[in-house]
Amino acid sequence: AQILKILILPGDGIGPEVMAEAVKVLKAFETPQRQFQLRQELIGGCSIDTHGKPVTEEVKQAALDSDAVLFAAVGGPKWDHARRGLDGPEGGLLQLRKTMDIYANLRPCSANSPSASIAKEFSPFKQDVIEGVDFVVVRENCGGAYFGRKVEESDYAMDEWGYSEAEIQRVTRLAAQVALRHDPPWPVISLDKANVLASSRLWRRVVEKTITTEYPQVKLVHQLADSASLILATNPRTLNGVLLADNTFGDMISDQAGSIVGTLGVLPSASLNGLPGERGLTTRPYGLYEPTHGSAPTIAGQNIANPVAMILCVALMFRYSLNMETEARQVEDAVRKVLDSGVRTPDLGGTAGTKEVGDVIVSAL
Ligand code: NAD
Ligand code: IPM
Ligand code: MN
């Protein structure tokens, strides 16, 4: 049988609750020919409690040795006074992103996705505003303000926000490849603050050069990041396509995407260091799959967290790491069916518990 090694990192807060449901879904796809070898490890606050650091070298190595990593969420008030940055709970995730060099974080938000069905009833937006919204954020994930030099003194602090040409180029290529997976190709809409930031001016120049010379079939639009936020809140269809953004702007715009459907509880993401099957890639790219949401400490331990984002991460893992497109769609169809049937957690106005939603999705498969 084919053995697929999956590293399971539940983390903190609602992380373990939503991960348990995702693992149920994953296991439903085991066959005599395809077995999942699951290895579960600590990350984030719980790893600090046990090992004194948010991620151990052993866990990093396990990530590199896996076929894919499923990650839930880290952080919480218990550790907010611990050292932050790379030593705090969130640092566990950041270190893993760096170790795996997963430089592109894909965060889809689509009216054709399973989240669409609930957006219809649950979005705070008017229907005609969000009708047909379909975009994917491609967020640079290993550079910028997150990983530059830092100064942290009592009366001064600094985060260096820098990008090299090579860092911008590789994420631009990946964004263009995502655009070309659609027929006709999606436009790439690149977000920056080139009117203010030097790093944004390099960003704009490199994105422009890379797309026009290497992907002439892809239409490119530059959009200032602040006005992109406004557009997302007023006329989001204008942003249909691939929203290419640096680490900071990508973080912000992808949370804002949660407002379209009305909750972060249904938005998955894939962090990759390449798209499978693209030119120049000889090996299977690393992939880490995590919801866009965090550890939601205030709702943890109550069986009310929405497991859908985490379950849709399993679909993205099937699609981008395990060459299981058919199964990816099966997961997405089951989620859509269950949400349509009204089985929903309280963030979507429902009364179902985390476990119930997971169980009903498994039986809908
Ligand atoms: P959050 O995403 O945890 O929560 C934001 C809001 O969304 C809250 O109202 C929360 O209850 C709700 N929410 C989030 N996920 C939900 C789900 N699955 N079902 C239902 N409701 C859900 O963001 P926050 O409150 O700003 O951060 C809490 C902690 O999580 C912080 O320590 C932060 O650093 C961390 N965080 C971690 C990750 C990650 O591990 N990838 C991502 C974001 C934030
Ligand atoms: C996310 C989170 C992380 C980020 C934190 C937890 C480090 O907000 O995945 O969006 O800022 O990248
Ligand atoms: Mn975020």
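Taken together, the values in this text are just the output of simple stated rules run on the coordinates, not laboratory data. Values in this document were obtained by computation on a predicted structure and should not be read as measured data. Using ideal geometry, Cβ is built from the backbone for each residue, glycine included, and neighbour counts are taken over all protein chains shown.
Cα-Cα pairs above 15 Å in segment 209-287: how many percent? Cα-Cα pairs of segment 209-287 separated by over 15 Å account for 68 percent.
When both bridge partners sit in the chain, DSSP labels roughly 40% of those beta bridges antiparallel.
For the chain, the Kirkwood estimate of the hydrodynamic radius, built from every pair of different alpha carbons, is 20.7 Å.
Relative contact order for the chain: 22 percent, from Cα pairs under 8 Å spaced at least 6 residues apart, divided by residue count. Counting beta carbons within 10 Å around each of H222, H293, H81 and listing the fewest first gives the order H81, H222, H293. Could you work out the relative contact order of segment 217-365, using alpha carbon pairs under 8 angstrom and six or more residues apart, expressed as a whole percent? Dividing the mean separation by the residue count of segment 217-365 yields 19 percent. In plain terms, if you count all Cα to Cα distances in segment 124-261 and split them into 5 Å steps from zero, the share in each step is 2, 10, 20, 21, 19, 13, 8, 4, 2, 1, 0 percent. Taking Lys and Arg as +1 and Asp and Glu as -1, the other residues whose beta-carbon sits under 15 Å from that of M324 total 0.
Projecting the Cα atoms of G15, T213, L316 onto the charge dipole of the chain (Cβ charges, centred on the Cα centre) puts T213 farthest toward the positive pole. Just the number, please: percent antiparallel of the DSSP beta bridges in segment 124-261, rounded to the nearest 5. The answer is about 20 percent antiparallel. Where only DSSP H runs of four or more residues are counted, the chain gives -13000 deg cm²/dmol as its mean residue ellipticity at 222 nm, each run worth -39500 (n - 2.57).
Net charge dipole, the chain: roughly 660 debye, given to the nearest 20, about the Cα centre with Cβ charges of +1 for Lys and Arg and -1 for Asp and Glu. As a rough guide to protection, the peptides 145-151, 270-276, 122-128, 309-315 ranked by mean Cβ packing within 10 Å, highest first, stand as 309-315, 270-276, 145-151, 122-128.
Cβ crowding within 10 Å, taken as a proxy for footprinting-reagent exposure, orders S199, S110 from fewest neighbours to most as S110, S199.
Using the Kyte-Doolittle scale, which helices in the chain average at least -1.0 and also have C-alpha atoms spread 20 Å or more along the helix axis, with helices defined as whole DSSP H runs? Length and hydropathy pass: 165-180, 198-214, 247-261, 325-340.
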